[in-house]
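What follows is a single structure, written as structure tokens, with notes after it.
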Amino acid sequence: MAKRSAQVQSISDAFRVRPEDFSLAGVDPAATPVGPRSKAEAAADLAVVGEELDRLQEALYAEGTGGGGRRVLLVLQGMDTSGKGGTIRHVAGLVNPQGLHIASFKKPTPEELRHDFLWRVRGQVPQPGYIGVFDRSHYEDVLVARVDELVPSAEWQRRYGEINAFEAELAEQGVTTVKCFLHISPERQRERLIARLEDPLKRWKYNPADLEVRSKFSRYQLAYQDALVKCSTPVAPWYAVPSDRKWYRNWVVARLLLEALRSLAPAYPEPSYDPAVELARLRDADPLR
């Protein structure tokens, strides 16, 4: 067997959800199908990825200040303990926080419930030049709403089309959306919940209601299967990321984000002044000299 390299031609091709033949049951949460084979290899490559991500994000931010309308939205979905927060820390943490907008979507507030389910999401779409990160997202309304029967079946089924239309609208506005489903096994989830209870410093992450949600694990897998298949579109594809191994999860998401920024090739705006004139003013006519 040929030795794999951390350098992979296209991570998006390897993990993209193709609706015509996708089966979540066929995705191994512990798999490492491409890229690094070890935590050490992943860490070494992530350092290189981080440098390029930082450069590209700065260019995107500068482009936005110059009037450009493009931005990137990273959507993170997954079961409890799948690592949404850890991914934000290890991937989004690679770039300048000045150009980040992070939003977390929890149980809707009474005000949010008075509006369409996309209302609260629209208000968190990143501004031009920014990388936005959604910790959970509008997909909660075809996942939790479905599993817990919060709305009639006809309503959550209609939402797939509304989500696709919304994401197509974002694409027209210059938003590149990268949607990552962080896929973990029930066995790994159990280990991580136990670890939270055994470590006093992690107990704040635990909620007794987590066990009730865990009891619905198989129902959530069916809900995710439908959401991934029905809402993986050319302008906003889903990526199923094996997440039993934290280091591999972080590497995959970072690489997906890097591919998205590379495809944009953001450019620094041309200055509205003559740099040579300004240099001369500083050198020859500096008012503080």
Residues within region 102-136 that are open to solvent by less than 10 Å² (accessible area, probe 1.4 Å) and on the phi > 0 side of the Ramachandran plot, tallied: 1
Please report, ordered by residue number, the helices (runs of 4 or more DSSP H) entirely within region 75-142 with at least 1 residues that are touching a residue at least 40 places away in the same chain (Cβ under 8 Å). 84-90, 119-122
Flagged in region 233-275 as of a type in the set (G, A, S), under 15 Å from the mean Cα position of the chain (by Cα) and either within 27 Å of R192 (Cβ to Cβ) or exposed (fewer than 14 other Cβ atoms within 10 Å of the Cβ) (or both), in numbering order, are A240, S243, A254
With the structure loaded, tell me whether L282 is of a type outside the set (V, I, T), open to solvent by 50 Å² or more (accessible area, probe 1.4 Å), modelled with pLDDT under 95 and in a helix (DSSP H, G or I) or whether it fails that test. yes
Taking region 160-196 as the region of interest, how many residues are under 19 Å from H138 (Cβ atoms), open to solvent by 20 Å² or more (accessible area, probe 1.4 Å) and free of Cβ contacts under 8 Å to residues at least 60 places away in the same chain? 5
Could you identify the single residue in V213, V277 that is outside any loop (DSSP other than H, G, I, E, B) and closer than 25 Å to I163 by Cβ? V213
Answer yes or no as to whether T81 is over 22 Å from S243 (Cβ atoms) and either crowded, with 19+ Cβ neighbours inside 10 Å or of a type in the set (S, T, Y) (or both). no
Hey, D210 hits all of (1) open to solvent by 30 Å² or more (accessible area, probe 1.4 Å); (2) at pLDDT below 95 but one; which does it fall short on? (1)
Among the listed residues I102, I163, identify the single one that is under 27 Å from F15 (Cβ atoms) and touching a strand residue (DSSP E or B) at 6+ places or on another chain (Cβ under 8 Å). I102
Let me confirm something: among L56, L76, which residue is farther than 22 Å from W238 by Cβ and surrounded by 14 or more Cβ atoms within 10 Å (Cβ to Cβ)? L56
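The values are calculated or read from the model by the stated rules, or taken from the named source; none is laboratory data. Everything numeric in this text was worked out from a predicted model, so none of it was measured. We place every Cβ from the backbone using ideal geometry, glycine too, and count neighbours over all the protein chains shown. All accessible areas refer to the heavy atoms of the entire protein, side chains included, with ligands and DNA or RNA removed. Shrake-Rupley method; radii C 1.70, N 1.55, O 1.52, S 1.80 Å.
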